[in-house]
Amino acid sequence: MNSMPLRLSVLDQSVACAGRGGDHALRDTLELAQHCEALGYERFWVSEHHGMPTIVGTAPEVLMAAIAARTTRIRVGSAGVMLPHYSAFKVAENFRVLDALAPGRIDLGLGRAPGSDRRTAQALNPHVSGMAEDFPQQVLDLQAWVSGRPHQGVVAHPLPPSPADEPTQPSPRQHTEAGSHEHTSPTHGAGPTGTRGQESTSSLDRRPEMWILGSSDYGAQLAAHLGLPYAFAYFFMDGQGVEQALDLYRTLYRPSERHPRPQATICVWALAADTDEQAEFQAVSRERWRVNRQRGLLGPLQSPQDVGTQGFSDEEMAVIVAPMRRKALVGSAATVRERMQALARSLELDHLVVNTWAHEPAVRWHSYALLAREFGLDGSTAPATGSGSESHAVPAAAAAATT
């Protein structure tokens, strides 16, 4: 385990930032997905939240379709669909469509939490009361339908083609491409209707890969019982309960046909910059958001400059900010790599999912590029900054103002 390279994936939450609208956050998610694919990340997951002015990704399946159309290799997933809000059959249909658009590249992460306040949850599903208790049965139903098997007398379409259905002639698009690019493979530059190297995945066994997401023992036990992969939301509570959840998952795991061994990961919040000081300066935006959330104040992510002007009270620093910083995966690329590797070793993991917030998109691009280079991901020779980005050097006076 310890000798294996650490695989990295991405969770993006489409965070709205002060001075820019929510639509900007969604477009940034699409651009970040392309950037992370070029850097060699394994998966790109998007979250589901409702009624929040900070996290504006309310429809992961819609974002996933847009991301799949703009990428060719990286797996695209939900982290996750809050299943109690919806019909399991409709979710299965949505993800069968996504699998048809990006064959063999779709992850279906499922959560039980509302991802919203009680009033918003009621607006999403007027019959939401008691639905959380039905979550295990919903997952079982979804498992059957998303596999393409008949269940309760119905089938979720579209189904992948059988070998007999495979076309023997190139599609009109492939024919056109072949005519204009004589030496180009028919699958070159595959977009929403196919992916490079994925065409052989067309069989009735092809389906989205289901994951159970959680931040407590409940999800770990359910994933183990059903023989499904499990992702622990480490960043929710700065890792509280992670050891027990992973131990339960591994101990209770019941092998399934698709997953004969337990497959676990955690999602961490991390931010890398050229120096520890620059990363710490950028991280204050999320620290201020966490402080405000504890006070019931939600809003767009503030710039580190504005947070520095405001500062933190002694109580805020002692109760919220200082504990965050003690566990933070924040610093230079080398600093963050060492902390991430130590965490992965302690939890016996070979895969981490990285979530990064920053007020400026280019800061996030730079962070993901630095980590990709530090961990030696394929494609990590890409530039370590977003296109058109400026230097992120932080004046010492400005960094000092954050406290």
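The values are calculated or read from the model by the stated rules, or taken from the named source; none is laboratory data. A quick note: this is a predicted structure, and the numbers were derived from the prediction, not measured. Methodologically, a virtual Cβ is constructed for each residue, glycine included, from the backbone with ideal geometry; neighbour enumeration extends over all protein chains shown. Ligands, DNA and RNA are stripped out before the accessible areas are found, and what is left, the full protein with its side chains, is counted by its heavy atoms. Shrake-Rupley method; radii C 1.70, N 1.55, O 1.52, S 1.80 Å.
For this structure, a couple of remarks:
- Looking across Pro136, Pro192, one residue alone is within 23 Å of the chain's Cα centre (by Cα), at pLDDT 90 or above and open to solvent by less than 90 Å² (accessible area, probe 1.4 Å). It is Pro136.
- Yes/no for Leu32 being hydrophobic (A, V, I, L, M, F, W, C), within 28 Å of Gln305 (Cβ to Cβ) and out of contact with any strand residue (DSSP E or B) (no Cβ under 8 Å at 6 or more places or on another chain): no
- Per-region count, segment 328-349, residues of a type in the set (D, E, K, R) and in contact with a Leu (Cβ under 6 Å, 6 or more places away or on another chain): 1
- For segment 279-290, filtering for residues that are surrounded by 22 or more Cβ atoms within 10 Å (Cβ to Cβ) and either of a type outside the set (Lys, Arg) or over 15 Å from Pro361 (Cα atoms) (or both) leaves 8.
- Restricting attention to segment 222-244, the residues being open to solvent by less than 10 Å² (accessible area, probe 1.4 Å), more than 20 Å from Trp45 (Cβ to Cβ) and part of a loop (DSSP other than H, G, I, E, B) number 1.
- Condition broken by Asp28, with the remaining ones in (1) more than 14 Å from Ile55 (Cβ to Cβ); (2) open to solvent by 10 Å² or more (accessible area, probe 1.4 Å) satisfied: (1)
- Hey, Ile55 open to solvent by less than 30 Å² (accessible area, probe 1.4 Å), touching a residue at least 12 places away in the same chain (Cβ under 8 Å) and in contact with a Ser or Thr (Cβ under 8 Å, 6 or more places away or on another chain) or not: yes
- Answer residue from segment 257-286, given it is assigned to a strand (DSSP E or B) and not aliphatic (A, V, I, L, M) and is farthest from Leu301 (Cα to Cα) among those: Thr265
- Residues in segment 60-71 that are open to solvent by less than 30 Å² (accessible area, probe 1.4 Å) and either under 19 Å from Met210 (Cα atoms) or touching a Phe, Trp or Tyr at 6+ places or on another chain (Cβ under 9 Å) (or both): Pro60, Leu63, Met64, Ile67, Ala68, Thr71.
- Residue within segment 124-131 that is open to solvent by less than 10 Å² (accessible area, probe 1.4 Å) and either in contact (Cβ under 8 Å) with a residue 40 or more places away in the chain or under 29 Å from Ala358 (Cα atoms) (or both) present: no
- Subset of segment 306-359 [crowded, with 16+ Cβ neighbours inside 10 Å and polar (S, T, N, Q)]: Ser332, Thr335, Asn355, Thr356
- Contacts under 7 angstrom Cβ, first residue in segment 217-241 being on the phi > 0 side of the Ramachandran plot, partner in a loop (DSSP other than H, G, I, E, B) and surrounded by fewer than 16 Cβ atoms within 10 Å (Cβ to Cβ), 6 or more apart: Gly227/Arg254; Gly227/Pro255; Gly227/Ser256
- Test: residue in segment 81-94 that is at pLDDT 90 or above, in contact with a His (Cβ under 8 Å, 6 or more places away or on another chain) and charged (D, E, K, R): yes
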